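One structure below.
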Amino acid sequence: MDEPLKRPRSALILDDDPCVGLVLSKMLTALGVGNRHFVDPLAFLAEARASGPDLILLDLALGQSDAIDLIRKLEVLKYRGRVLLVSGKDITILNEAERIGRAHGLWMLPPLQKPVRLADLHSRIDARTSPPADHGHAGDKAAARHAAPQADLGEALREQWTEVWYQPKIDLKSLRVTGAEALVRVRHPLRGIVQPVDFLPPASDPLYKPLTAFVMRRAMSDWLVFAEHGFLLKLAVNVPASVLNAPGFVDVLRRMIPAAPGFPGLVLEITEDEIIRDPEWLREIATQVRLYNATISIDDFGSAYASLSRLKDLPFSELKLDRSFVTGCAADPLKRGLCQTVVDLGHRFGATVCAEGVEAEGDVRSLIGQSFDTAQGYFFAKPMPASELMAFLAQEPRWQIGLADARPAAAQA
C-alpha cells in the first residue's frame with residue numbers, strides 16, 4: 001500500500017500583493033508550515049531552486065509575469081513538491097491553469113479562490129492527491145521524466161527487484177471488479193517499495209523495452225492464476241511508443257498472450273500525447289495487435305487535445321479520461337459537461353470510457369449518471385500486489401452497498 005500523504009513542512013508563496021502574501025504566510029504558520037513569501041518572481045525562483053520547498057502557493061496574475069509562465073519554469077527546475085494556485089480569478093481559469101500544471105508534470109492541488117479562509121487552506125494542503133506518476137505506468141509519465149531516481153531501473157531489472165502491482169477497474173453498471181491495470185514497482189532491499197516517479201528513466205530510454213516485456217510477461221502469468229480462481233479479469237499494461245514501435249514487439253506480444261478459452265483480451269494503454277505524434281503508425285500497429293486479442297486504449301485522454309479527425313481514424317477500444325477532468329466533476333458543471341462529452345464521443349466511436357483518478361463518492365455517482373463504463377482510483381482501491389488483489393477480489397467490496405442506489409435500473413434488475 002502507498003504511504004499516507006504527509007503535510008508539507010516548508011512552503012514558498014508568490015503573490016504580487018504583499019498584503020495577501022503576508023496573510024497567506026500567517027495562515028501557513030498557524031498550520032505549522034514554515035514559509036517565506038515573495039512578490040518578485042525571479043527571487044522566488046531562485047529560492048525554489050535553492051531550497052526545494054514541499055509546497056508552493058502561486059497567484060495567477062503577477063504583474064509582469066503569470067502562473068502559466070511560472071509553471072513552465074518550475075517544470076524546467078524539475079520541481080517535485082505540491083503546487084496550489086490561489087487567485088481571485090474565475091474558477092474556470094483556475095481549473096484550466098491547474099490542468100496546464102498537470103500537463104507540465106507538476107503535482108497540482110485543487111485550486112483556491114480568494115478571499116482565502118484558514119479552513120479552506122487547511123483542507124487544500126491536506127488533500128489526498130497523488131503526484132503525476134503515482135499511478136505507476138510502465139510507460140513514461142510526465143513526472144517520472146523529471147524525477148531524480150531513488151533506484152536504478154537497470155539494476156532493479158538485473159536483481160529482480162521489479163514487481164507488478166494491480167489497480168482494480170470497476171464496471172460502473174454492476175459495481176464489480178472486471179479488470180485491472182498492471183503497474184510497476186521496485187522493492188529495493190534498503191528503501192523498500194519505490195514508486196515509479198523515483199525510478200523511471202526519461203522517455204525513449206532503452207530500458208523501457210525490457211521493463212515492458214517484464215510487465216507483460218508477469219501480467220499474463222498472473223492472469224492464469226486469477227483465472228484458476230474464477231477471476232477472468234481484463235488486464236491492461238502501459239506501453240510507451242518507443243516500445244510499441246520497436247521491431248519485434250508484436251512477436252513478443254504474440255508469444256505472451258494466453259491460449260486459454262476464457263481470456264478476455266489484453267489492453268495496451270498508450271498516452272494521448274504519443275498517439276497524436278504519429279496516428280498513421282498507431283493505426284497500423286493497432287490493427288496488427290487485434291489479430292492477437294489485444295486492443296489499444298488511449299490513456300490520459302484530454303491532456304493533449306487529439307483532434308476528432310485523428311481520432312476517427314484510430315482503431316481504439318477505450319478512452320481513459322484524464323483525472324484532471326474527473327476530480328470534482330460532481331460539483332463543477334464545466335467538468336461534468338466535459339465528462340459527458342467524452343462519454344458520448346467514446347460511445348459514438350464504439351469504445352468504452354474509463355474515468356481515472358476517482359477519489360470521491362460524489363464523483364462516482366456523477367460518473368454513473370453520465371454512463372461511464374468503468375472507473376479506477378483510490379475511492380475503490382490503491383494499487384496492490386497480485387496476492388492482495390486475490391484477497392480483495394474474494395470479498396464483497398464496501399462500495400457496492402453504498403452505491404447500490406446509484407446503479408442504472410437495468411443493472412439492478
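The values are calculated or read from the model by the stated rules, or taken from the named source; none is laboratory data. If you're wondering where the values come from, they're calculated on a predicted model, not measured in any experiment. Backbone-built Cβ (ideal geometry, glycine too); neighbour counts: all protein chains shown. Note: areas computed on protein heavy atoms with side chains; ligands, DNA, RNA excluded. Shrake-Rupley method; radii C 1.70, N 1.55, O 1.52, S 1.80 Å.
What to note about this one:
- Annotation: T212 fulfils all but one of (1) among the hydroxyl-bearing types (S, T, Y); (2) open to solvent by 40 Å² or more (accessible area, probe 1.4 Å); (3) under 21 Å from the mean Cα position of the chain (by Cα); (4) modelled with pLDDT of 95 or more; the unmet one is (2).
- Residue count for segment 258-307, restricted to those that are at positive phi and at pLDDT 90 or above: 2.
- Residues of segment 222-254 that are in a helix (DSSP H, G or I) and under 26 Å from I275 (Cβ atoms): W223, A241, S242, V243, L244, F249, V250, D251, V252, L253, R254.
- Restricted to strands (runs of 3 or more DSSP E) entirely inside segment 137-206, those with at least 3 residues that are at pLDDT 95 or above are 162-171, 176-188.
- Filtering segment 172-208 to residues that are among the β-branched types (V, I, T) and open to solvent by 10 Å² or more (accessible area, probe 1.4 Å) leaves V177, T178, I193, V197.
- The set of residues in segment 74-111 that are more than 22 Å from E359 (Cα to Cα) and either of a type in the set (A, V, I, L, M, F, W, C) or touching a Leu at 6+ places or on another chain (Cβ under 6 Å) (or both) comprises L74, V76, L77, V86, S87, K89, I93.
- Search result, residues across segment 85-123 that are open to solvent by 10 Å² or more (accessible area, probe 1.4 Å), at pLDDT 85 or above, farther than 18 Å from R72 by Cα and within 23 Å of the chain's Cα centre (by Cα): P110
- Residue check for S221: under 26 Å from E356 (Cα atoms), at pLDDT 95 or above, of a type in the set (G, A, S) and open to solvent by 40 Å² or more (accessible area, probe 1.4 Å): yes
- Qualifying residue in segment 20-37 (condition: closer than 19 Å to E75 by Cα, open to solvent by 80 Å² or more (accessible area, probe 1.4 Å) and either touching a Lys or Arg at 6+ places or on another chain (Cβ under 9 Å) or not polar (S, T, N, Q) (or both)): no
- Test result for L70, open to solvent by less than 60 Å² (accessible area, probe 1.4 Å), of a type in the set (A, V, I, L, M), under 24 Å from F325 (Cα atoms) and not in a strand (DSSP E or B): yes
- Residue check, E75 free of Cβ contacts under 8 Å to residues at least 24 places away in the same chain and either surrounded by 14 or more Cβ atoms within 10 Å (Cβ to Cβ) or part of a helix (DSSP H, G or I) (or both): no
- Failed item, numbered, when R218 is tested on (1) under 21 Å from L319 (Cα atoms); (2) under 23 Å from the mean Cα position of the chain (by Cα); (3) in a helix (DSSP H, G or I): (1)
- Criterion violated by P315 - all others in (1) modelled with pLDDT of 85 or more; (2) touching a strand residue (DSSP E or B) at 6+ places or on another chain (Cβ under 9 Å) satisfied: (1)
- Restricting segment 236-277 to residues that are without any contact (Cβ under 8 Å) to a residue 12 or more places away in the chain and among the charged types (D, E, K, R) leaves a set whose member that is farthest from A103 (Cα to Cα) is R255.
- Qualifying residue in segment 7-14 (condition: open to solvent by 10 Å² or more (accessible area, probe 1.4 Å), in a loop (DSSP other than H, G, I, E, B), within 23 Å of P196 (Cα to Cα) and modelled with pLDDT of 90 or more): no
- If only residues of segment 253-268 that are open to solvent by less than 50 Å² (accessible area, probe 1.4 Å) and more than 27 Å from the chain's Cα centre (by Cα) are counted, the one that is nearest to Q288 (Cα to Cα) is P258.
- Taking each residue of segment 21-40 that is more than 16 Å from I56 (Cβ to Cβ) and looking for partners that are hydrophobic (A, V, I, L, M, F, W, C) and outside any helix (DSSP H, G or I) with beta-carbon atoms closer than 8 Å, six or more apart or interchain, yields V23/V116.
- Output for segment 160-171, where each listed residue is surrounded by 22 or more Cβ atoms within 10 Å (Cβ to Cβ) and over 28 Å from S366 (Cβ atoms): T162, V164
- Among the residues of segment 333-367, those that are assigned to a loop (DSSP other than H, G, I, E, B) and either open to solvent by 30 Å² or more (accessible area, probe 1.4 Å) or free of Cβ contacts under 8 Å to residues at least 24 places away in the same chain (or both) comprise F349, G350, E359, A360.
To keep it simple, each residue is scored yes or no on (1) under 19 Å from the mean Cα position of the chain (by Cα); (2) at positive phi; (3) among the small types (G, A, S).
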{"position": "D322", "(1), (2), (3)": "yes, no, no"}
{"position": "L338", "(1), (2), (3)": "yes, no, no"}
{"position": "T341", "(1), (2), (3)": "no, no, no"}
{"position": "L345", "(1), (2), (3)": "no, no, no"}
{"position": "A351", "(1), (2), (3)": "no, no, yes"}
{"position": "C354", "(1), (2), (3)": "yes, no, no"}
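- Scanning segment 368-396 for residues that are part of a loop (DSSP other than H, G, I, E, B) and closer than 22 Å to V164 by Cβ returns Q376, G377, Y378, F380, A381, K382, P383, Q395.
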